[in-house]
Structure formats: structure tokens, C-alpha cells
1. If residue 40 satisfies all but one of (1) of a type outside the set (A, V, I, L, M); (2) open to solvent by less than 100 Å² (accessible area, probe 1.4 Å); (3) at pLDDT below 90, what's the number of the condition it fails?
2. Can you give me the ranges of the strands (runs of 3 or more DSSP E) entirely in the stretch 3-43 with at least 1 residues that are out of contact with any Ser or Thr (no Cβ under 6 Å at 6 or more places or on another chain), farther than 14 Å from residue 105 by Cα and among the β-branched types (Val, Ile, Thr)?
3. So, in the stretch 1-35, exactly how many residues are farther than 13 Å from residue 66 by Cα, touching a strand residue (DSSP E or B) at 6+ places or on another chain (Cβ under 7 Å) and modelled with pLDDT under 90?
Amino acid sequence: YTEQYALGDRLLVAPVVTQAATSKTAWLPADTEWINFWTGEVLGGGPDGSEISLDAPVQTLPLLVAAGTVMEMLPEDVDTLVPLGLGSDSTVKGVGARRVLEVWPVGD
């Protein structure tokens, strides 16, 4: 499972590195519940960890979030963290005080 990595202790990334592949095999660590970032599907690592198969269409990076994670995200209409007014592009929307909290709860 050398082609997957943890981003901190809350995200598990399993990029597809085989041309034309539409699924990805990944290893889930033991005793951790993971949630598919894109679909919300709950996956468990079990007491000894477990191997799983993830759908991986070409436009979607297989990404799992540890249950119990709260992540601060940018609103969908914001493409940059550059403060409004810097630069000459008047179409840039600044984030200001707007934030979106995404929550992946533990259990049911």
C-alpha cells in the first residue's frame, strides 16, 4: 500500500496510479472508522485493519476522512485565499469571514 498516504491523522488519500483504472485498493488502519469524502459511505478498519476497494473514476481522487473530523472549508465560489483588492482581477471573490464547516460524525 505504498501508493496511499495519510494527510495528518484525519485524511487518507489513495491516488490511482495505474492508467485506465477505475478502482483502487487501499488499506484501512485498525480500529478506525473512515468515511468516503465524496459519497459519505462509512468504512471500518476492523480490529486488525482491512483491505478495501474504492471506486475511482478518472475525475475523482479516492479520499477518506476519519470519523469525528470537523474540517473548515472554503465556500464553493471562492477560488483563492488572496485578500480582495490584491492584484488587478476584479472578478476574484474573497473569502472574508465566510467559512463552511464539514462534519463527519462517529457512528450512527
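The values are calculated or read from the model by the stated rules, or taken from the named source; none is laboratory data. Not measured: the values here are computed from a predicted model. Note: ideal-geometry Cβ built from the backbone for every residue, glycine included; neighbour counts use all protein chains shown. Keep in mind that these areas ignore ligands, DNA and RNA; they rest on the heavy atoms of the full protein, side chains included. Shrake-Rupley method; radii C 1.70, N 1.55, O 1.52, S 1.80 Å.
1. (3)
2. 11-13
3. 1
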